[in-house]
Structure formats: C-alpha cells, structure tokens
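Report on one structure; see the data block that follows.
The values are calculated or read from the model by the stated rules, or taken from the named source; none is laboratory data. Worth saying up front: this structure is predicted, and the values here are computed from it rather than measured. Positions of Cβ are generated from backbone atoms using ideal geometry, with glycine treated the same way; all protein chains shown enter the neighbour counts.
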Amino acid sequence: MPKVSNGQQTKKSAGSQQKGAKAATAGGKKGGSSYIKYLVSIVIIVAIIGVAIFASSLLGPQGTGNNSFLMFQKNYDSASRVDIFVTSYNGTILSSTIGCATAVIEQLVANKQEHRNASTIDLNIINRTSCIRSKGLGTATANYTVTSLQDCLNTSSIEPSIYINYSTTNQTIIKPDYLYISGDAVFLQECGLASEFS
C-alpha cells in the first residue's frame, strides 16, 4: 500500500470537510427556504381569513341576530298599522311568497301576547311595475286597489314592513323598521319567520 504524506492527508480531509460543509449549507438553505415558505403560507391564510371576516361584517346582512329581530318585533307589534310586501313576478313565485305571508299573518293574528287585528295589516302584492294593495285584512270584501309600485313602497317609510321575496339565495336582513327575507320555494314553504311571531 502506497504511503500518503501528511500533506496529502491534510488536503484530502480539508476537501472532505469542505464537501460536508457545502452539503450542510445546501441542506440548511433548503430547510430554511421551506420553513420561510411555510411561514409565508400561514401568514397569507391568516390574512385571507381576516379580510373575509372584515368584508362579511361590512357587506353581509346586518343585524340578523336575535336581538335585532326582537327590536324589529317590538316596533312591529307597537305600530298602529303594518305592511307586508310579497313579490308576484309570476304564478310560481306568488304561490311561494303568498304562502309564507299567509303563515306570518296567521301567527300575528293568533298571537295571544301581541295579538294584532287583521284590519291593521296592509298586504301589498307587487310585480315589477304595479302593486295590488289591500288596506286591512280580515273581511270577505277587502278594500284593495291597483296602484303603482312606488305608491305601495312609499307606505313602507311610515309603517314597519316585512318583505317576502322569491330568490335562489336564502337571505334574511333585519333592521328596526323592516325585515326582508328571500329564498327558494322550499325555504319559503318552511317559512321559519312565521314561528318567530308565535
């Protein structure tokens, strides 16, 4: 076996150490790089969630909680007259919206604590241009008129109002002076709003 001088051994071990150091540095860079990517990903996800929460608080329906409904109900119960608006762009829509409105009216009239006389409920059946307004309910010969859509909507500024609309999106918006619900046929058939007045 040939003898290797101390100088050659030193060169070989220095070379081995340099290779080991390069490998460790490369591994460290890869490890550090993936760690930074991981941190950046977490920061981005947290930022997206934060933006979504902020946007939903600005853009989403406001006041859909129980306290908001109680405030609306208090105003609705104490008003001398109230409005209910239902959309009727075609027969299918009318059958969904009027069914829910009927359930709400039955609950308002049947409510033992906050009973409302049907004659103080004004029903407005609206399409895109006109409105059939029944001022007061409960008699076989209800007093109704056909008027403009704007004439019917003008009353909502002086009477607390419930709006029942047909839509592919189920939505509820509650404000102190009005309540707006929209939904598909199944949602309106269930008409969870009616039970809130019991």
Checklist outcome for this item: Those residues of region 166-186 which are closer than 16 Å to THR102 by Cα and surrounded by fewer than 20 Cβ atoms within 10 Å (Cβ to Cβ) amount to TYR180, SER182, ALA185, VAL186
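Just for strands (runs of 3 or more DSSP E) wholly inside region 97-198: which have at least 1 residues that are in the same structural domain as SER78 (by TED's automatic domain parsing) and over 22 Å from LYS74 (Cα atoms)? Break it down stepwise before answering.
Details: elements: 121-126, 130-135, 144-148, 161-166, 171-174, 178-183.
By residue number, 121-126, 130-135, 144-148, 161-166, 178-183.
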Checklist entry - Does LYS74 satisfy the criteria of being free of Cβ contacts under 8 Å to residues at least 12 places away in the same chain, more than 21 Å from the chain's Cα centre (by Cα) and surrounded by 13 or more Cβ atoms within 10 Å (Cβ to Cβ)? => result yes
Checklist entry - Quick one: what pairs do we get from region 163-189, first residue of a type in the set (Gly, Ala, Ser), second part of a strand (DSSP E or B), C-beta under 6 Å, 6+ apart or different chains? => result SER167/SER182; SER182/ASN165; SER182/GLN171
Next on the checklist: Take the residues in region 124-152 that are at pLDDT 90 or above and within 26 Å of the chain's Cα centre (by Cα); name whichever of them is surrounded by the most Cβ atoms within 10 Å (Cβ to Cβ).
Outcome noted: ASN124
